[in-house]
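Please read the structure below before turning to the comments.
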Amino acid sequence: MHKYKVSLLALLAAVAIGTSSCSDEKAKQPEIKPKFTTLKEAYADKFLVGATIGASMFSSSDSKSLALVEKNFSAITLDNDMKWERINPLPGQYEFEIADKFAKLGVDKGITTVGHVLFWHSQTPDWVFKDDQGKLLTREALLEVMRERAKMFASRYGDRVKIWDVVNEAIEDDGSLRKSLYNQIIGDDFIEQAFIIADQEMPKDTTLLYNDYGMDRTGRRATVIAMVNDFKQRGVRIDGIGLQGHWGMDEPSAEKIDETLGLYAATGLRLHITELDVDFLGRDGLTGANVEIEKLQATPENNPYPDANFPVEADEQLGKRYQAIFKQFIKHHKSIDRVTFWGVTDGDSWLNGWPVAGRTNYPLLFNRDGSAKKAHDAVVELVN
Ligand code: GLA
């Protein structure tokens, strides 16, 4: 009995010591968080991570790309098929097939869909601005044509596409208004009129964005901020600012991105990075994303890796640049709703054809075969 008592006490003491040393161990160990492997999971508590997709993704032979999108991204934008020249190439003629599939994909897979783009000077057919005799429309007539377009999108996709680039690229680098037929016909209040139409015709829970490239340039930045503040003061609804983010390896610097995001965030509007890519091969002195400039020709100097033989060191360099950019997005994440890449794989990128025609570029986070690049892992790793 006595013996039993002693050993019971010894046992209790041993358990007590064991428990306390075990909890000490626990306290010492850092909390183990789950390791994220995809972009959308890694940034889920900060912002949506999106990609633009194209018509080819809906062909039955491209199920691999679709699977890649579903796995990695929480938002999608259609690259071309909601643009005016595609969806409504002639008066009364509508090509809804791709846009319908896009909107359905969003609902079926629970991915946020973004409308691109309501009003843009480019990829817009001539008939929009002219009457049957080829004469330029009056201000009132053009505003009516614009209203019809907004109504069309609202009635067909208004229940599903809840974020829209309302106006794209209407302000120049120096902050002046871009000269376009919209401006010429409607006047300097074209942007304001576009937002009034979108507000009146789109469902009230739609996020309305002004979108542009080179949003860090001081001239454009000052004009956009002044415009937004003026709209807010006069009750013209605008909900967010879209920064395209067609950036280079060095420009804009992390400091410039930080400053720019801070200044736009101070307007109180939501920020969306709408078309992110990093032009790994550079632009031969050309800046911005003005799609209308003349293209250069590929040479061994500006097209150093023509056979998809992107070296590991280059991928690491790209990863460092993306990390520097995402550090700023993380810093400002409370103001940012979405970061969307312009394309999924390097093969999708417009930078294979601009500003140098026919070169092989490497600006995104997935290789041409759909495998994740080192740069991808570097971006995910930042939050792990
Ligand atoms: C601009 C437009 C997009 C697309 C890209 C690159 O930034 O907003 O629709 O055309 O250029 O191609």
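The values are calculated or read from the model by the stated rules, or taken from the named source; none is laboratory data. What you are looking at is a predicted structure, and each value in this text was computed from that prediction instead of being measured. A quick note on method: Cβ atoms are made from the backbone with ideal geometry, for glycine too, and the neighbour counts reach across all protein chains shown. Accessible surface areas use protein heavy atoms only, side chains included; no ligands, DNA or RNA. Shrake-Rupley method; radii C 1.70, N 1.55, O 1.52, S 1.80 Å.
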Under 5 Å, built H, 5+ apart or other chain: amide partners of Ile53: Thr77, Leu78, Asp79
Under unit Cβ charges (Lys, Arg +1; Asp, Glu -1), what dipole magnitude, rounded to 20 debye, does the chain have relative to its Cα centre? 1700
With θ taken as phi - 60° and the coefficients 6.51, -1.76 and 1.60, list the Karplus ³J(HN,Hα) couplings across region 134-147 in order, rounded to whole Hz; mark glycine and proline as x. x, 8, 4, 5, 7, 3, 4, 5, 5, 4, 5, 4, 5, 4
With springs only between Cα atoms under 10 Å apart, run a GNM on the chain and tell me which of Val145, Val166, Val344 wobbles the most. Val145
Residue among His116, His272, His332 with the largest mean-square fluctuation in a Gaussian network model of the chain, springs linking Cα atoms under 10 Å: His332
Gyration tensor (alpha-carbon) shape descriptor, the chain, a/c threshold 1.5: prolate
Given only helices, namely DSSP H runs of n ≥ 4 each adding -39500 (n - 2.57), what is the per-residue ellipticity at 222 nm of the chain, to the nearest 500 deg cm²/dmol? -12500 deg cm²/dmol
What accessible surface, in Å², does a 1.4 Å probe find on Phe280, ignoring ligands, DNA and RNA and rounding to the nearest 10? 30
Keeping every protein chain in place, order Ile76, Ile196 by accessible area at 1.4 Å, biggest value first, i.e. largest first. Ile196, Ile76
Would you mind working out the accessible area per residue for region 41-102, using a 1.4 Å probe, and quoting it in Å²? 43
Among Lys46, Lys331, what's the order by accessible area (1.4 angstrom probe), most exposed first? Lys331, Lys46
In this structure, among Lys83/Lys256; Lys46/Lys373; Lys83/Lys135; Lys71/Lys320; Lys101/Lys162, pairs with alpha-carbon gaps over 26 Å are Lys83/Lys256
Using protein chains only and a probe of 1.4 angstrom, how many square angstrom of Thr207 are accessible, to the nearest 10? 40
Probe 1.4 Å, all protein chains in place: accessible area of Trp350 in Å², nearest 10? 50
Given a 1.4 angstrom probe, I'd like the percentage of the accessible area of the chain that is carbon and sulfur, rounded to a whole number. 53
Apply the a/c threshold of 1.5 to the C-alpha gyration tensor of region 67-226 and tell me whether it is rounded, prolate or oblate. oblate
Region 261-384: C-alpha gyration tensor shape, a/c 1.5 cut-off, then a/b vs b/c: oblate
Order the following by accessible area, largest value first: Asp277, Asp284. Probe radius 1.4 Å; ligands, DNA and RNA are ignored. Asp284, Asp277
Antiparallel versus total DSSP beta bridges in the chain: what percent is that, nearest 5? 10
Solvent exposure of region 251-384 as accessible area per residue, Å², 1.4 Å probe: 41
